[in-house]
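Reviewing the structure listed below.
The values are calculated or read from the model by the stated rules, or taken from the named source; none is laboratory data. Everything quoted here is computed from the prediction, not taken from an experiment. With ideal geometry, Cβ positions are generated from the backbone for all residues, glycine too; neighbour counts draw on all protein chains shown.
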Amino acid sequence: MAKSDDVAIVGIGITSFARSEKSGMDHGVDAVRKALADSGTTWQDMQFAFGGSAAAGAPDTMVSRLGLTGLQFINVANGCATGGSALFSAVNSIKAGMYDVGIAVGFDKHEPGAFRVDTRKGGLGQWYGETGMALTTQFFGMKLNRYMHDYGITEDTLGKVGEKAFRNGSMNENAWRRKPLSEAQVKESAMLSYPLTQYMFCSPGEGGVALVLCRADKAHEYTDTPIMLNAAVVRSRRFGSFEVFSRHLAPEFTEGPTVDTSKAAFEMAGIGPEDVDIAQLQDTEVGAEIMHMAENGFCEHGDQERMIAMGETEITGRLPVNTDGGCLANGEPIGASGLRQVYENVLQLRGQAGQRQVGGDPKVAYTHVYGAPGISGVTILSK
Amino acid sequence: MPQVSVDETLFTWPSDELRLLGSRCIDCANHMFPRQDDCPKCAGNSTEDVELDTKGTLWTWTIQGYPPKAPPYVGPSDPKTFEPYGVGYIELDGQLKVETRLTINTPEELQIGMEMQLTTIPLYTNDDGDEVVTFAFEPIN
C-alpha cells in the first residue's frame, strides 16, 4: 500500500530531440502539454512546478503561455544535473507534504559544436580558456585514457558501445541521430580527443521533457499504471576525485560523485544493483557509459570488456543500458537530459517502448547523470 | 620577439628558472595550483605560496583534435591550419597532478608514466607585437 509520502509519476511528455526551428522554451511548453495530456490533468491542476534550463531562458516565463494560475514555479540550474535537480525538488515537495500534485520540466537548446565555457563564471580564471584547456571533451578523453590503461578496456569496446547507441536510437522516434552506425564507422570517424572519435561523443542538442508527479496514494486518480519513484539523489564531488575542469588533482584518489550518489540512492530505495532490470547511464561519450557501469555498482572495474562483448547491455541482454540511444543518439540538451532518462524508464516499465521494449516485464529501472562541475544525479523507479 | 606571460600569477616570468606558482595549506599540507587562499581538502583558509617541482610523470593525456571555440581560446583556431595539441596531467611527486599543455601532439610519443619537465610554449602574438606564452610540459629526452 502506497504511503502518503511516496511519490508516483503519473504523466510523461517528451519532444523530438532532433534539431529544429523550435526555441528551447517551445520544447518546454510542448513537453508540459504532453505530460498533462498523458496524465489526464490540466495546467490548472498543477499545484507547483520546478523548471530546469541551462541555456534557453527562465523556465517560469512559460506560465505566460501555459496559463497564469498563480502556482509556485521555481527555476533550477545545476550544471548537468539541472533536470535531475528539478525532479529531486519536485519529489521532495510532495514528500514534505506541501503539495499533492505538480510537474517537473526540463528543456534546452544549445548552439552547435562543443560547449563554449565561460571560465570566469565557473571560477576558473580567464587563462584557462585562453590556453585551450577549458574543453569538457579533454576531460572525457583523459579520464578514459587512464581508465583503459588501468583496467584493460579496448578500443573495440568503445566502438561497440557507439554501435549500440545508434542502433537503439534508430528505434526511437524522438531521437536526434537515427541512422545506425557500425562499430568500424564509430572507430574510424575523426579523432576529436584521443582516444575518442566524433561518433563516440554526444553533441549539445535540444529537447524538452516533463513529468507529472503526485502523492502515491492518489496516483490511481490519474492512471492505471503509476510508476513509483523510490529514490532521487543529487551529490557533488568530494576532495580527491577526478572531475571536469580540474586545474590540478590531489595526489590521492577518491571515487567520484557518481559512486556516492549511487550508493545513497540504493540505500534510499532499499535495493541493490542486482535488482535493477534496466539502466540509463550518462553517456556523454562511450567511455562514460563504460566507466559509469562500474561506478554505479553494476560490475567491477574492467568487467565491462567481457559484458559488452557478450551483449549484456543490449536491449536483449541481462542489463539493458541506454535503451533509447542515450545522449549519443539523443544529444545533450542539459536541462532535459536527465529527465529524458526517466521518461524512457517510465515507458519501459509501462511496457510502452514499442520496438525497443525490454522483454521479461522489467520492474526496477535506474537513471544516472554526471557532469560539470563534478555533480551526479540518480533515480530509481519501480512498478 | 619579446615574450609575455598569458597570466603572471601562473609561473615565474621572466625568469631564468621557470617554476609554477602554487599554494600549500599551512594546516594540512595540501598543494594547490594556481594559487588560492582556501583549502578544499581541510576547508581551512591559511595557505602559503610555494614554487612547484619542475619534473614529474605523465598521469594521463589526450590530444585536442579540433579547434577550440574562440573566444575563449586565443591560440590558432582556423580550421584550415589548426594543429592538434596535447593536454595532460603531470604528477609532481608528493605535491599534486597539474593539468597542462604538452609539447607533443602524437599518441605514439606519449605514454602514461613517462618523465616530463616544465617549459613554455607560444600561444599567439598580441597587438604590441609580444609573443604570449603559457606553461607546458615536455618529455625529458
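The residue of the range A:227-265 that is farthest from the other protein chains (Cβ to nearest Cβ), among those that are part of a helix (DSSP H, G or I) and of a type in the set (S, T, N, Q), is A:Ser262. As a summary of the residue check, B:Leu58 satisfies the conditions (1) in contact with a His (Cβ under 9 Å, 6 or more places away or on another chain); (2) assigned to a strand (DSSP E or B) except for the one numbered (1). Selection of the range A:347-383 for residues being surrounded by fewer than 24 Cβ atoms within 10 Å (Cβ to Cβ) and among the β-branched types (Val, Ile, Thr) yields A:Val358, A:Val364. Residue check: A:Ala336 meets all listed conditions (1) in a loop (DSSP other than H, G, I, E, B); (2) modelled with pLDDT of 95 or more; (3) closer than 29 Å to A:Ser189 by Cα but one, namely (1). Just so you know, in the range A:148-199 the residues that are out of contact with any Lys or Arg (no Cβ under 7 Å at 6 or more places or on another chain), of a type in the set (Ser, Thr, Tyr) and part of a helix (DSSP H, G or I) include one that is surrounded by the fewest Cβ atoms within 10 Å (Cβ to Cβ), and it is A:Tyr151.
Among the residues of the range A:130-172, write down those that are of a type in the set (Ser, Thr, Tyr) and touching a helix residue (DSSP H, G or I) at 6+ places or on another chain (Cβ under 9 Å).
A:Tyr147, A:Tyr151, A:Thr154, A:Thr157, A:Ser170
Scanning the range A:119-142 for residues being facing chain B (nearest Cβ under 8 Å) and assigned to a loop (DSSP other than H, G, I, E, B) gives a total of 7. In the set (1) of a type in the set (Ser, Thr, Tyr); (2) in contact (Cβ under 8 Å) with a residue 60 or more places away in the chain; (3) facing chain A (nearest Cβ under 8 Å), B:Tyr66 fails one condition alone, (2). Screening B:Leu21 against (1) more than 11 Å from chain A (Cβ to nearest Cβ); (2) of a type in the set (A, V, I, L, M); (3) out of contact with any Lys or Arg (no Cβ under 7 Å at 6 or more places or on another chain) leaves a single unmet condition, (3).
Please enumerate the residues belonging to the range A:255-272 that are within 11 Å of A:Gly297 (Cα to Cα), free of Cβ contacts under 8 Å to residues at least 60 places away in the same chain and either small (Gly, Ala, Ser) or in contact with a Phe, Trp or Tyr (Cβ under 9 Å, 6 or more places away or on another chain) (or both). Correct list: A:Gly272 only.
When A:Glu312 is tested against (1) among the acidic types (Asp, Glu); (2) without any contact (Cβ under 8 Å) to a residue 24 or more places away in the chain; (3) assigned to a helix (DSSP H, G or I), only condition (3) is not met. Only one entry of A:Ala86, A:Ala49 meets the criterion of being within 19 Å of the chain's Cα centre (by Cα), buried (at least 24 other Cβ atoms within 10 Å of the Cβ) and not in a loop (DSSP other than H, G, I, E, B), and that entry is A:Ala86.
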